[in-house]
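Asker: Please see the structure below; I have some questions.
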Amino acid sequence: MWFWWFMFVCNALIPLLLIGTGRAMWKHCPSKINRMIGYRTRRSMKNMDTWKFAHEYCGRLWWKIGWVLLPLSVIVQLPFFHSTENSIGIVGGIICTIQCIILIISIFPTEHALKTTFSEDGTRR
(Lines give C-alpha, C1' and ligand atoms only; values in the text may rest on other atoms or scores of the structure.)
Protein backbone atom coordinates (compact mmCIF):
# COMPACT_ATOMS: atom_id res chain seq x y z
CA MET A 1 0.00 0.00 0.00
CA TRP A 2 2.92 2.37 0.68
CA PHE A 3 3.99 2.07 -2.97
CA TRP A 4 0.53 3.12 -4.14
CA TRP A 5 0.77 6.25 -2.00
CA PHE A 6 4.27 6.92 -3.30
CA MET A 7 3.07 6.67 -6.93
CA PHE A 8 0.01 8.73 -6.06
CA VAL A 9 2.20 11.58 -4.82
CA CYS A 10 4.54 11.25 -7.81
CA ASN A 11 1.64 11.36 -10.27
CA ALA A 12 0.06 14.34 -8.51
CA LEU A 13 3.39 16.19 -8.57
CA ILE A 14 3.42 17.05 -12.29
CA PRO A 15 -0.12 18.50 -12.38
CA LEU A 16 0.56 20.44 -9.16
CA LEU A 17 3.78 21.82 -10.64
CA LEU A 18 1.91 22.77 -13.81
CA ILE A 19 -0.70 24.61 -11.74
CA GLY A 20 1.91 26.42 -9.63
CA THR A 21 4.41 27.30 -12.33
CA GLY A 22 1.63 28.10 -14.78
CA ARG A 23 0.15 30.59 -12.36
CA ALA A 24 3.60 32.05 -11.64
CA MET A 25 4.44 32.40 -15.35
CA TRP A 26 1.05 33.88 -16.11
CA LYS A 27 1.04 36.45 -13.29
CA HIS A 28 4.76 37.07 -12.69
CA CYS A 29 6.72 37.02 -15.92
CA PRO A 30 10.51 37.34 -15.39
CA SER A 31 11.33 41.02 -15.71
CA LYS A 32 14.31 40.41 -18.00
CA ILE A 33 14.75 38.07 -20.94
CA ASN A 34 17.18 35.41 -19.77
CA ARG A 35 18.36 31.91 -20.61
CA MET A 36 17.86 30.45 -17.11
CA ILE A 37 14.23 30.95 -16.04
CA GLY A 38 11.00 31.07 -18.01
CA TYR A 39 9.60 30.01 -21.36
CA ARG A 40 12.74 30.15 -23.49
CA THR A 41 12.46 29.64 -27.23
CA ARG A 42 13.98 31.60 -30.06
CA ARG A 43 10.62 33.16 -30.90
CA SER A 44 9.72 34.07 -27.30
CA MET A 45 13.09 35.75 -26.67
CA LYS A 46 12.91 38.21 -29.60
CA ASN A 47 11.85 41.15 -27.44
CA MET A 48 10.05 41.98 -24.21
CA ASP A 49 6.62 41.93 -25.87
CA THR A 50 7.05 38.36 -27.18
CA TRP A 51 8.58 37.35 -23.84
CA LYS A 52 5.58 38.57 -21.83
CA PHE A 53 3.07 37.19 -24.33
CA ALA A 54 4.69 33.72 -24.29
CA HIS A 55 4.74 33.60 -20.49
CA GLU A 56 1.14 34.69 -20.18
CA TYR A 57 -0.08 32.29 -22.86
CA CYS A 58 1.94 29.28 -21.73
CA GLY A 59 1.23 30.03 -18.06
CA ARG A 60 -2.52 30.03 -18.62
CA LEU A 61 -2.24 26.87 -20.70
CA TRP A 62 -0.20 25.05 -18.04
CA TRP A 63 -2.58 26.23 -15.32
CA LYS A 64 -5.58 24.83 -17.22
CA ILE A 65 -3.80 21.60 -18.16
CA GLY A 66 -2.74 21.06 -14.55
CA TRP A 67 -6.31 21.36 -13.30
CA VAL A 68 -7.47 18.85 -15.92
CA LEU A 69 -4.63 16.37 -15.33
CA LEU A 70 -4.88 16.35 -11.54
CA PRO A 71 -8.34 14.77 -11.18
CA LEU A 72 -7.78 12.52 -14.22
CA SER A 73 -4.55 11.18 -12.73
CA VAL A 74 -6.27 10.50 -9.41
CA ILE A 75 -9.27 8.82 -11.05
CA VAL A 76 -7.08 6.56 -13.18
CA GLN A 77 -4.93 5.51 -10.24
CA LEU A 78 -7.72 4.89 -7.69
CA PRO A 79 -8.80 1.45 -9.00
CA PHE A 80 -5.27 0.13 -8.45
CA PHE A 81 -5.23 0.81 -4.69
CA HIS A 82 -4.99 -2.87 -3.68
CA SER A 83 -3.12 -4.10 -6.75
CA THR A 84 0.36 -5.56 -6.88
CA GLU A 85 3.38 -3.27 -6.79
CA ASN A 86 4.15 -4.24 -10.38
CA SER A 87 0.70 -3.16 -11.57
CA ILE A 88 0.85 0.06 -9.60
CA GLY A 89 4.31 0.81 -11.00
CA ILE A 90 3.22 0.20 -14.58
CA VAL A 91 0.10 2.34 -14.24
CA GLY A 92 2.05 5.06 -12.44
CA GLY A 93 4.73 5.04 -15.14
CA ILE A 94 2.13 5.29 -17.88
CA ILE A 95 0.38 8.20 -16.13
CA CYS A 96 3.71 10.01 -15.63
CA THR A 97 4.71 9.45 -19.25
CA ILE A 98 1.39 10.79 -20.54
CA GLN A 99 1.70 13.85 -18.28
CA CYS A 100 5.21 14.56 -19.58
CA ILE A 101 4.09 14.16 -23.20
CA ILE A 102 1.23 16.61 -22.61
CA LEU A 103 3.69 19.03 -21.02
CA ILE A 104 5.95 18.87 -24.08
CA ILE A 105 3.02 19.14 -26.50
CA SER A 106 1.97 22.39 -24.79
CA ILE A 107 4.94 24.06 -26.50
CA PHE A 108 3.25 23.77 -29.91
CA PRO A 109 0.12 25.88 -29.21
CA THR A 110 2.28 28.50 -27.51
CA GLU A 111 4.63 28.72 -30.48
CA HIS A 112 1.66 28.83 -32.85
CA ALA A 113 0.13 31.70 -30.86
CA LEU A 114 3.45 33.54 -30.97
CA LYS A 115 3.72 32.97 -34.72
CA THR A 116 0.20 34.24 -35.44
CA THR A 117 0.47 37.24 -33.08
CA PHE A 118 3.98 38.39 -34.00
CA SER A 119 5.90 38.69 -37.25
CA GLU A 120 9.33 37.09 -37.68
CA ASP A 121 11.11 40.19 -36.37
CA GLY A 122 8.99 40.22 -33.17
CA THR A 123 6.58 43.05 -33.97
CA ARG A 124 2.87 42.58 -33.39
CA ARG A 125 0.77 41.92 -36.48
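Asker: Of all residues in segment 40-66, which are open to solvent by less than 80 Å² (accessible area, probe 1.4 Å) and without any contact (Cβ under 8 Å) to a residue 24 or more places away in the chain?
Answerer: M45, M48, W51
Asker: Filter segment 83-95 for residues that are open to solvent by less than 50 Å² (accessible area, probe 1.4 Å) and in a helix (DSSP H, G or I); which is nearest to M1 (Cα to Cα)?
Answerer: So, considering only residues that are open to solvent by less than 50 Å² (accessible area, probe 1.4 Å) and in a helix (DSSP H, G or I), the one nearest to M1 (Cα to Cα) is I88.
Asker: Of the conditions (1) open to solvent by 70 Å² or more (accessible area, probe 1.4 Å); (2) in contact with a helix residue (DSSP H, G or I) (Cβ under 6 Å, 6 or more places away or on another chain), H112 clears all except one; give me its number.
Answerer: (2)
Asker: Please tell me if P30 is part of a helix (DSSP H, G or I) and either in contact with a His (Cβ under 8 Å, 6 or more places away or on another chain) or at pLDDT 90 or above (or both). Don't jump to the end; show me each part of the working.
Answerer: On the way: part of a helix (DSSP H, G or I): no; either in contact with a His (Cβ under 8 Å, 6 or more places away or on another chain) or at pLDDT 90 or above (or both): yes.
Against the criterion (part of a helix (DSSP H, G or I) and either in contact with a His (Cβ under 8 Å, 6 or more places away or on another chain) or at pLDDT 90 or above (or both)), P30 does not qualify.
Asker: For segment 67-123, enumerate the residues that are in contact (Cβ under 8 Å) with a residue 40 or more places away in the chain and closer than 16 Å to H55 by Cα.
Answerer: L103, S106, I107, P109, T110, E111, A113, L114, K115, T117, F118, G122
Asker: Being part of a loop (DSSP other than H, G, I, E, B), more than 19 Å from V9 (Cβ to Cβ), open to solvent by 70 Å² or more (accessible area, probe 1.4 Å) and β-branched (V, I, T) narrows it down to one of I37, I104, so name that one.
Answerer: I37
Asker: Taking segment 1-10 on its own, how many of its residues are out of contact with any Gly (no Cβ under 6 Å at 6 or more places or on another chain) and touching a residue at least 60 places away in the same chain (Cβ under 8 Å)?
Answerer: So the answer is 5.
Asker: Can you tell me how many residues within segment 40-54 are under 16 Å from P109 (Cα atoms) and either touching a Leu at 6+ places or on another chain (Cβ under 9 Å) or in a loop (DSSP other than H, G, I, E, B) (or both)? Before you say what the answer is, go through the steps one by one.
Answerer: Start the filter on segment 40-54 by keeping residues that are under 16 Å from P109 (Cα atoms), which leaves 40-44, 50-54.
The next check asks that each one be either touching a Leu at 6+ places or on another chain (Cβ under 9 Å) or in a loop (DSSP other than H, G, I, E, B) (or both); those that pass are 40-44, 50, 53-54.
Here the count works out to 8.
Asker: Please find, within segment 11-34, the residue that is surrounded by the fewest Cβ atoms within 10 Å (Cβ to Cβ) out of those that are of a type in the set (A, V, I, L, M, F, W, C) and free of Cβ contacts under 8 Å to residues at least 24 places away in the same chain.
Answerer: So the residue we want is L13.
The values are calculated or read from the model by the stated rules, or taken from the named source; none is laboratory data. Keep in mind it's a predicted model, so treat the numbers as computed, not measured. Please note: Cβ atoms are built from the backbone with ideal geometry, for glycine as well, and neighbour counts cover all protein chains shown. Accessible surface areas use protein heavy atoms only, side chains included; no ligands, DNA or RNA. Shrake-Rupley method; radii C 1.70, N 1.55, O 1.52, S 1.80 Å.
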